[in-house]
Every structure is written in structure tokens, then in C-alpha cells.
Amino acid sequence: MTTTTKIMVLAIALTAHSSGAFSQVEIKIKTWPNTEMNANHTSYIPSDVKAGFLHTMQPNCLSEAERKLLMEEADRNFEMIKRNKPDQIIQRIAMPPAFIWPVQPKAGFNDYGYFTVQNLVDHNASFPNQLLDYNCGNRTYDWAGGNHAGTDIIYWPYPWRRMDEEVMEIRAAADGNIIIKKDGFFDRMCVNAGNPNWNGIVLQHSDGSRSIYMHFKNGGITNKGVGDAVAAGEYLGLAASSGSSNWPHLHFEVSSSTLTPMDPYQGNCNSMNPISLWQTQHPYNVPTVNRICSKYRTIDYYSCPNPEITFERDTFSIGDTLSLWLYVRDLVQNTTFQLELFNPSNQLANSWSFTVPWATWPTSYLSWYWMVDPWWVQGWWKFKATWEGNSYEHLFFMTGQPSGMIETDKPSFRLFPNPARESTMLSGRSLQKGDLIFISNSLGQISKTYAVPDDSNEMAISLEGLKSGYYTLSVKSSIGTIYKPLSIID
Ligand SMILES: [Zn+2]
């Protein structure tokens with residue numbers, strides 16, 4: 001099959017926050033094959049898959065120079081601990097530590113997953129753009145002045161929302177003593193520009209090796225202080241984006257007793273240490289659906305450091321766009337998803353499959369969308385995805401009514417008529433001069449933009465030049481953005 005893969009770079013509101021000539025994070029979107037733009041996905045026919053992945057570009061979690069300063073401070077602190085708190089020091093032994101996984105979800109978290117392992121240690125000493133992870137892949141990065149020396153465990157999906165919900169708890173990977181504790185710094189950074197003001201912990205273990213935990217949430221750090229002993233599994237803090245970071249995550253880094261870098265993962269291309277430092281080493285790929293959900297738009301929206309606009313909704317009506325999403329960890333090439341839709345009678349209404357044609361992505365999503373028509377009968381529907389031996393389910397409700405009869409989000413604006421032909425009237429709540437109105441198509445592309453000319457309770461919206469179909473009208477004001485489904489008919 002010859003297919004042109006369409007790659008669009010979604011503007012993630014990077015312009016306001018990027019420093020320097022390159023974007024720090026981007027989500028690339030692929031459609032497969034490239035035919036969905038004009039397709040009309042009514043009834044049971046799903047759209048072609050729409051997929052995206054997180055692409056790390058030239059970040060710099062911890063520079064060599066900063067690591068050296070950090071380790072010198074740790075040395076001074078350890079000497080101080082030996083003098084002042086000798087009873088706290090873990091009995092020295094020659095064995096390296098055996099680490100447990102350094103994050104866990106907070107109590108009560110009940111989604112399928114919340115993180116991916118986006119970046120590993122770079123074993124190719126050259127830089128830039130000379131990448132080699134322990135497994136001989138390139139899931140790592142470097143920059144003009146150094147190599148990534150840690151493991152980045154990042155939130156996925158909705159990093160800023162999950163950070164605010166305090167989902168990712170960081171815990172000691174092994175018994176040790178706190179030899180560095182940093183807190184009080186801003187924790188919503190959007191750039192990896194070498195900012196040394198991170199919150200976090202450095203532990204010294206019984207053999208003299210050290211583990212570094214970076215980018216904590218301000219104020220969420222353990223109450224214990226420098227010199228205190230912690231046990232494996234003990235709470236250290238919360239994942240966030242302090243220091244040189246553009247995405248809430250944990251950077252976990254290990255140094256030997258002689259302060260040479262170590263990679264906790266054992267593998268053919270690990271040039272640093274011959275054995276795994278994990279008690280139980282996770283596989284290189286852990287194919288998991290972290291979240292399965294339904295949305296009323298075909299995009300999601302990132303605007304660092306604000307909580308994401310998810311467009312998630314579980315109630316849909318005739319005329320709405322229904323977009324079903326899988327947020328995926330380790331989207332492994334050539335693996336196959338089995339997708340099924342069950343109607344309110346729990347009968348299989350449609351099924352399809354998707355085989356991943358791309359090189360493996362650690363942090364990605366897949367989605368399919370429909371235009372809801374009367375085929376989607378009233379009641380609770382089930383979307384089920386089966387992949388690599390696991391199943392994931394999501395329920396959503398079909399009203400069976402035309403979409404204009406159901407208010408979405410805040411019931412503050414009304415569109416009449418809807419469906420509309422040449423124009424429609426927006427009314428209900430006071431519009432303010434300068435509020436912005438966007439009409440976007442089912443792919444989320446903005447077709448028309450209006451600025452409200454003066455304070456008013458209603459405004460005629462011209463639909464001239466728009467083809468018949470399903471759109472979203474959004475009103476952006478100082479109190480937020482409100483979305484209304486809009487149908488245009490001939
Ligand atoms: Zn890192």
C-alpha cells in the first residue's frame with residue numbers, strides 16, 4: 001500500500017513559552033491513511049485512525065556542571081551527617097541497592113494508567129544526536145553539551161491535570177539517607193533551559209551509590225530533612241515540573257559510589273553496569289492503554305502550564321461528533337488492536353482492528369471519530385479495546401435526540417436556528433466586547449473567527465462560505481470557553 005502519511009504539528013501554545021530557536025515538546029499527529037479529510041463518517045463506519053505521539057526535543061534535565069555542583073554539596077552534607085547524626089547512617093555494605101519502582105499512584109486512583117517511560121539513559125557518550133539506550137534503541141536524548149543520564153517517568157495523558165490531582169507519588173527506590181533536599185521553587189516550568197532551581201531529593205545508599213529524584217511539586221516534599229534515613233517505598237514527594245522541565249515528570253538518576261553514572265536497566269547496550277539495579281526490571285515495552293474515553297472534538301489541547309482542555313464528554317446526541325480515544329503507553333509497531341462497539345442491548349454493533357504501522361512510540365494516542373446519526377440508538381454504549389492480552393472499556397450515553405436540544409458544558413448561550421443555513425443567532429448571556437467566537441469543523445480546524453464588536457445580548461453569526469456539515473461554535477470570554485455543536489444544512 002502506498003500511502004502518504006500526513007504529519008501535522010499541533011500548535012500546543014508553545015509560542016508563548018518557548019525560549020530559543022526550538023520547540024521543547026511537540027505532539028505530532030498522524031492520520032492513516034490520509035483520506036479522512038473529506039470522509040463522512042455516519043452510522044457504523046469509523047473514521048481512519050488519527051494518532052499522535054510525544055516527541056522530546058533537546059531538553060536538558062541536569063547538566064554535567066550542575067551534577068558536579070550537586071554532588072559536591074552532597075559530599076559536604078554527608079560529612080556533616082557523619083558528624084551530627086551518625087546513628088542515622090545506614091550500615092555500609094558493598095552491595096549495590098536493588099531498586100523498587102520509584103513512583104506509585106495516589107490512593108484511590110482508578111484509571112488504567114498514568115505514566116510512560118519517555119526517556120532513558122544515553123549510553124552513546126558523543127553528542128548531540130548520538131543516541132543509544134540500554135536496549136540498543138534510541139529512547140533517550142542528548143544536547144549540545146551532554147547526555148541524558150536518567151530515566152524520565154512522565155504523566156500521560158493530561159500531565160498538568162494529573163499533576164494538579166497529585167496522582168504521581170515519588171518514593172524512595174531503596175533504603176538510604178537524604179543527602180540533598182531542595183524545595184520552594186516554581187513547579188510549572190514549560191522549558192528545559194537548564195534552570196537549576198528544582199525541587200527534589202538525593203539519597204545516598206548503603207554502598208555509597210546515590211539516587212536523584214527531580215522536578216517535584218513545590219511544598220509536596222517529605223517532611224524529613226537532610227541526614228534522615230528513609231526506607232524503600234517511603235514517600236519523597238509529588239511529580240511536577242520544577243527546574244529544567246517542560247512536562248510534569250520524575251527524572252530518576254543513579255550514580256555509583258565513585259559517582260560515575262549508572263543505568264538501573266540491564267541490557268545489551270548498557271555500558272555502565274553489567275547487572276540490573278531493579279529488584280524486578282520492567283520490560284523495555286509495556287504495552288498499556290492508560291486511558292480510554294470519549295470526546296466531542298477530535299483534538300485535545302495543551303497549553304503549558306495550564307490544565308489541559310480534554311474535550312471529554314460521555315453524553316452525545318444526533319449531529320454531534322463522537323471521538324473515541326486511547327491514550328497509549330508503548331505503542332509497539334506491528335501489534336494489533338481489536339476495537340468493538342456494543343449497543344445498549346449489549347450486542348456487538350461494530351468491530352474493526354488497527355495494526356500499528358509506525359515505529360514504536362512510548363507516549364501516544366489513537367482515536368477514531370463519527371458523526372452521530374440515528375443509527376446510534378438511545379442508551380448506554382460500550383467501547384472496548386483489546387490489545388496485547390488486555391481489555392479496556394468505556395461507557396458513553398446516546399440521547400437519541402438532535403444535538404441542539406441538549407446543552408453542552410455551561411447552559412449559558414443559545415444558538416438559533418440550529419441546524420442553520422446562511423446565519424444563526426447567538427444569544428442568552430451577555431456577550432462582551434472583544435469576546436472571540438470560533439467556528440471549527442469536525443477536525444478542530446477553525447473555519448471562521450469573529451470578535452464581538454460591542455456589549456450585547458445577542459449577535460448574528462454569518463455562516464456564508466461554510467459547507468453543510470457538523471461544526472463546533474466556541475465562545476471565548478474572560479470566564480472561559482463554551483462550546484456548542486452547530487449543524488449547517490444546504
Ligand atoms: Zn530526565
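Structure shown: which of Lys50/Lys467; Lys50/Lys295; Lys217/Lys295 lie over 19 Å apart, alpha-carbon to alpha-carbon?
Lys50/Lys467; Lys217/Lys295
Counting Lys and Arg as +1 and Asp and Glu as -1, what is the net charge of the other residues whose Cβ lies under 14 Å from the Cβ of Gly146? Don't skip to the end; give the middle numbers.
On the way: positive: Arg67, Lys68; negative: Glu64, Glu66, Asp122, Asp142, Glu253.
That sum, taken over residues with Cβ under 14 Å, equals -3.
How far is helix 64-84 tilted off the main Cα axis of the chain, in degrees rounded to 10, range 0 to 90?
Tilt of helix 64-84: around 50 degrees.
With only alpha-carbon pairs counted, each pair once and no self-pairs, how large is the Kirkwood hydrodynamic radius of the stretch 64-262 in angstroms?
Taking every pair of different Cα atoms in the stretch 64-262, averaging 1/r and inverting gives 17.1 Å.
Read phi for every residue in the stretch 119-124 and hand back ³J(HN,Hα) as whole Hz from Karplus 6.51 cos²θ - 1.76 cosθ + 1.60, θ = phi - 60°, with x for Gly and Pro.
Per residue, the Karplus-derived 3J(HN,Hα) values read 9, 10, 6, 8, 9, 8 Hz.
Using the Cβ atoms and a cut-off under 13 Å, what net charge is assigned to the surroundings of Arg67, where Lys and Arg are +1 and Asp and Glu are -1? Before the final figure, lay out each step's value.
Working: positive: Lys68, Arg210; negative: Glu64, Glu66, Glu72, Glu73, Asp75, Glu253.
Result for the local shell: -4.
Can you give me the long-range amide H partners of Arg171? Hydrogens built in the peptide plane at 1.01 Å from N, cutoff under 5 Å, separation of 5 or more residues or another chain.
When sequence neighbours closer than 5 places are left aside, the close amide H contacts are Val103, Gln104, Leu236.
Using a basic spin-label model with each label point 7 Å from the Cα along Cα→Cβ, how many nm lie between Ala359 and Thr260?
3.0 nm
Full extension from Asp164 to Glu458: what is 0.36 nm times the residue separation minus their Cα-Cα distance, to one decimal in nm?
Between Asp164 and Glu458, full extension yields 102.2 nm more.
Explain nothing, just the number: relative contact order of the chain, from Cα pairs under 8 Å at least 6 residues apart, as a whole percent.
13 percent
Taking neighbour counts of Cβ atoms within 10 Å as a proxy for exposure, in what order, fewest first, do Cys61, Cys269 appear?
Fewest-to-most Cβ neighbours within 10 Å comes out as Cys269, Cys61.
Mind sorting Leu70, Leu259, Leu395, Leu236 by how few other Cβ atoms lie within 10 Å of their own Cβ, fewest first?
If I rank by nearby Cβ atoms, fewest first, I get Leu395, Leu259, Leu70, Leu236.
Relative to the present Cα-Cα distance, how much length would full extension add between Ser430 and Asn138 at 0.36 nm per residue of separation?
Contour length minus the Cα-Cα distance gives 99.8 nm.
For the chain, what percent of Cα pairs sit more than 35 Å apart?
40 percent
Using a 4.7 Å cut-off between beta carbons, which cysteines in the chain end up with no partner cysteine at all?
Lone cysteines by the Cβ rule: Cys61, Cys293.
Which net charge results when you count Lys and Arg as +1 and Asp and Glu as -1 among the other residues whose beta-carbon is under 12 Å from that of Leu238?
For residues surrounding Leu238, the net value is -2.
Using a basic spin-label model with each label point 7 Å from the Cα along Cα→Cβ, how many nm lie between Asn390 and Glu64?
Calculated label separation equals 3.9 nm.
With an 8 Å cut-off on Cα pairs and a minimum separation of 6 or more residues, tell me the relative contact order of the stretch 148-257 in percent.
RCO, the stretch 148-257: 39 percent.
Just so you know, all these numbers are worked out from the coordinates, no wet-lab data involved. Because the structure is predicted, anything quoted here is derived from the model rather than measured. Note: ideal-geometry Cβ built from the backbone for every residue, glycine included; neighbour counts use all protein chains shown.
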